[in-house]
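S.K.: Submitted below is the structure of interest, expressed as structure tokens.
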Amino acid sequence: MKVRVNAPHVIAETIGGETIIVHLSTGCYFNLGGPAVDIWEGVAAGEASAAITQRLLARYEAREAEIGAAVTRILSELEREELVVADNGGAPATDGAAAAPAPTAARAPFEEPSVNKFTDMQDIILLDPVHEVDARGWPHTDPANA
């Protein structure tokens, strides 16, 4: 399974081990922490779910089945929220075997990744004209939204 970020409708920034994602079309924003940040970074890098699982196995202490199930669950949740979409074209997905870093001697304990959704600023985000732009970005307005 390979997905990609649903750009230009979705923007994200990772700061201090936490990823904030904003869906500009719905006004919802999301918070990812822990292993969910690693999953998002894999998606942003164009990795398939198998490669993301292998990368997490090298970093966290857990069974492959446990990490694989968590990756699948988070990717499904991100897709359900339309933060990512299926990537059936473009560059081929990495297979995981070549992309996986060597396991470190001391891997961190694996905690269940989660996606936290917030709707408290929906009205404000939807009022912001930044999402009414064309492919060139701000301040070039999209004629379709004029």
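The values are calculated or read from the model by the stated rules, or taken from the named source; none is laboratory data. Just so it is clear, the structure is predicted and the values come from calculations on it, not from any experiment. Here Cβ is always computed from backbone atoms with ideal geometry, including for glycine, and neighbour counts include all displayed protein chains. All accessible areas refer to the heavy atoms of the entire protein, side chains included, with ligands and DNA or RNA removed. Shrake-Rupley method; radii C 1.70, N 1.55, O 1.52, S 1.80 Å.
S.K.: Give me a comma-separated list of calculated 3J(HN,Hα) values for region 13-24, in order, Karplus coefficients 6.51, -1.76, 1.60 applied at θ = phi - 60°, integers in Hz, x for any Gly or Pro.
M.R.: Calculated HN-Hα couplings, in order: 8, 9, 9, x, x, 10, 10, 10, 10, 10, 9, 5 Hz.
S.K.: Whose amide H sits under 5 Å from the amide H of Asn6, counting only residues 5 or more places off or on another chain, with H placed in the peptide plane?
M.R.: Val84, Val85
S.K.: Taking every pair of alpha-carbon atoms in region 25-67, give the share separated by more than 15 Å as a whole percent.
M.R.: Cα-Cα pairs in region 25-67 separated by more than 15 Å: 46 percent.
S.K.: Mind listing the phi-derived Karplus ³J(HN,Hα) values for region 111-121, rounded to whole Hz, using 6.51, -1.76 and 1.60 with θ = phi - 60°, and x for any glycine or proline?
M.R.: So the J values, rounded to whole Hz, are 10, 4, x, 9, 10, 9, 9, 10, 10, 5, 10.
S.K.: With a 1.4 Å probe and all protein chains left in place, how much accessible area per residue does region 11-91 have, in Å²?
M.R.: On a per-residue basis, region 11-91 sits at 42 Å².
S.K.: Pairs of alpha-carbon atoms within less than 8 angstrom and 6+ residues apart define the contacts here; what relative contact order does region 1-53 have, in percent?
M.R.: 37 percent
S.K.: Taking the full set of protein chains and a 1.4 angstrom probe, give the accessible area of Met121 in square angstrom, rounded to the nearest 10.
M.R.: 80 Å²
S.K.: Once you list every other residue whose beta carbon is under 12 Å from the beta carbon of Lys117, what net charge do they have if Lys and Arg are +1 and Asp and Glu are -1?
M.R.: The answer is -3.
S.K.: What nm value, rounded to one decimal, do you get for the distance between Thr14 and Asn31 when each label is placed 7 Å out toward the C-beta?
M.R.: Taking the simple label geometry, Thr14 and Asn31 are separated by 1.8 nm.
S.K.: Then there is this: Given the peptides 74-80, 110-116, arrange them by the average over their residues of other C-beta atoms within 10 Å, most packed first.
M.R.: 74-80, 110-116
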